[in-house]
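Nothing in this text is a laboratory measurement; each read-out follows from the coordinates by a stated rule. Predicted model, so just to flag it, every value in this text is computed and none were measured.
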Amino acid sequence: MPIIFMTGHGDIPMSVRAMKAGAADFLTKPFRSQDLIDAVAVAVARHCEFLEAQREIDSLRKRFGCLTPREKQVMGAW
C-alpha cells in the first residue's frame, strides 16, 4: 500500500527518512490540491506496476517448481 506523507513541520532529514522507509511521496503544507492528486496518481500507478511484476515473479516461481530435477539442473546451466 503506497503511503504519502503530509506535514506542516517537515524538514529534509524527515523527508529523507520517510522516503527511505518506502514513502511514495512527501508533501509539506501548504500544498495545492493538484499536488496531492498528482502524488496519489503516481503512487497508485507505481503500486500497480509493482503488483504486476510480483504476479509475473510468482508465476515464474510456480512454473519453475513444476520442473523435474533434471529440468531444473538444465535451467541452472543457463
Quiz item: Can you list, bin by bin at 10 Å, the percent of alpha carbon pairs in the range 4-76, starting at 0?
Solution: 17, 30, 19, 15, 13, 6, 0
Quiz item: Once every DSSP H run of n ≥ 4 in the chain is given -39500 (n - 2.57) and the sum is divided by its residues, what mean residue ellipticity at 222 nm do you get, rounded to the nearest 500 deg cm²/dmol?
Solution: -21500 deg cm²/dmol
Self-check item: Anisotropy class of the range 1-41 from Cα gyration tensor, a/c 1.5 cut
Solution: oblate
Quiz item: With contacts defined as alpha carbon pairs under 8 Å and 6 or more residues apart, what's the relative contact order of the chain in percent?
Solution: 28
Quiz item: Residue by residue through the range 46-57, which ³J(HN,Hα) values in whole Hz follow from phi under the Karplus form 6.51 cos²θ - 1.76 cosθ + 1.60 (θ = phi - 60°), with glycine and proline marked x?
Solution: 5, 5, 4, 4, 4, 4, 5, 4, 5, 4, 5, 5
